[in-house]
1. I'd like the residue in the stretch 212-224 that is charged (D, E, K, R) and not in a helix (DSSP H, G or I) and, out of all such residues, is farthest from the chain's Cα centre (by Cα).
2. Select from the stretch 1-25 the residues that are charged (D, E, K, R) and within 12 Å of the ligand (Cβ to nearest atom) and list them in ascending order.
3. Here is a list of conditions, (1) free of Cβ contacts under 8 Å to residues at least 60 places away in the same chain; (2) in a helix (DSSP H, G or I); (3) under 20 Å from Val39 (Cβ atoms); (4) not aromatic (Phe, Trp, Tyr), and Ile245 meets all of them except one; can you say which number that is?
4. Which residue pairs have Cβ atoms closer than 8 Å, lie 6 or more positions apart in sequence or on different chains, and pair a first residue in the stretch 1-23 that is under 14 Å from Val49 (Cβ atoms) with a second residue that is in a helix (DSSP H, G or I) and open to solvent by 50 Å² or more (accessible area, probe 1.4 Å)?
5. For the condition within 16 Å of the ligand (Cβ to nearest atom), of a type outside the set (Ser, Thr, Tyr) and either within 30 Å of Asp84 (Cα to Cα) or open to solvent by 10 Å² or more (accessible area, probe 1.4 Å) (or both), what is the one hit in Glu184, Glu117, Glu132, Glu166?
6. Quick one: in the stretch 225-242, which of the residues that are among the acidic types (Asp, Glu) and closer than 19 Å to Val161 by Cβ is least open to solvent (accessible area, probe 1.4 Å)?
7. Which of the residues belonging to the stretch 193-217 are more than 11 Å from the ligand (Cβ to nearest atom), touching a residue at least 24 places away in the same chain (Cβ under 8 Å) and open to solvent by less than 30 Å² (accessible area, probe 1.4 Å)?
8. Out of all the residues in the stretch 225-239, which are near the ligand (Cβ under 9 Å from one of its atoms), touching a helix residue (DSSP H, G or I) at 6+ places or on another chain (Cβ under 8 Å) and part of a strand (DSSP E or B)?
Amino acid sequence: MRKPIIAGNWKMNKTMNEALELVDEIKDETNKTDVEVVVCCPFTVISEVKKAIEGSKVKLGAQNMHWEDEGAFTGEISANMLKDLGVDYVIIGHSERRQYFGETDEVVNKKVIKAIEKGLKPIICVGETLNEREKNKTFDIVKRQTLTALEGVGKDGMNDVVIAYEPVWAIGTGKTASSQDANEVIAYIRFLLQNKYGIEVSERVRIQYGGSVKPSNATEIMNETDIDGALVGGASLKAEEFLGIVNF
Ligand code: 13P
């Protein structure tokens, strides 16, 4: 059985006080659930959020990292820096990073390899744009993104990998993929993992859905056979909504 994982991606939101208020509101309730709960915060609040979740079951995540250990990369954050702060998870290859910051599949791959090497658990995001979906390219895109992201990652490396299928057209739009469509793509990703790593790995890796997940659609999404969790944007910014999803 795969343990469900619900991660909040706060994106570029929450000042320190706002962040601490939010974690304070979610941590007690989170202790009552068997779902793994992760908050992927902006870098600026990570160290204080770490202290605030001490003793609770909430796990800490970041939203990005650089693939080099250190050096002249102005404005970037390394895997070692995240480890130093006690970060467990790191989102890699979010579509907003691909779209606005030019991240390619190759860059995503370098980051995934570095995260695994440093003991961070990557949440690797894949997903097609509306244009690609309309041209029936969903499966091709997801295949290319998934397999390139995992190039050079061996079976052992897959222990800590989480994949998030986030159709770009469903992010922040209020449109969700139907739970059946999402499940079909996620089952396909699992099939790709089976081809590459064998059934034991493919049955173990958790694959989330992301894109306008709300308390009102969380149960339906989570009831699908291959969907193991959600990567939540907008609804992760309010305790009540996020907990509504965690308690699907
Ligand atoms: P929304 O839940 O706001 O659609 O965002 C999804 C997302 O991008 C999570 O990474």
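1. So the first thing to find is which residues in the stretch 212-224 are charged (D, E, K, R), and the list is 214, 220, 224.
Restricting the remaining residues to those that are not in a helix (DSSP H, G or I) gives 214, 224.
Values: Lys214: 16, Glu224: 18 Å.
Result: Glu224.
2. Lys11, the sole residue that qualifies.
3. Of (1) free of Cβ contacts under 8 Å to residues at least 60 places away in the same chain; (2) in a helix (DSSP H, G or I); (3) under 20 Å from Val39 (Cβ atoms); (4) not aromatic (Phe, Trp, Tyr), only one is false for Ile245: (1).
4. Partner pairs satisfying both residue conditions: Met16/Thr44; Met16/Glu48; Ala19/Glu48; Leu20/Glu48.
5. Among Glu184, Glu117, Glu132, Glu166, only Glu166 is within 16 Å of the ligand (Cβ to nearest atom), of a type outside the set (Ser, Thr, Tyr) and either within 30 Å of Asp84 (Cα to Cα) or open to solvent by 10 Å² or more (accessible area, probe 1.4 Å) (or both).
6. Asp228
7. Leu193, Tyr197, Gly198, Val201, Val205, Ile207
8. Ala230, Val232
The values are calculated or read from the model by the stated rules, or taken from the named source; none is laboratory data. Being a predicted model, the structure only gives us computed values, none of them experimental. Cβ: placed from backbone, ideal geometry, glycine included. Neighbour counts: every protein chain shown. Accessible surface areas use protein heavy atoms only, side chains included; no ligands, DNA or RNA. Shrake-Rupley method; radii C 1.70, N 1.55, O 1.52, S 1.80 Å.
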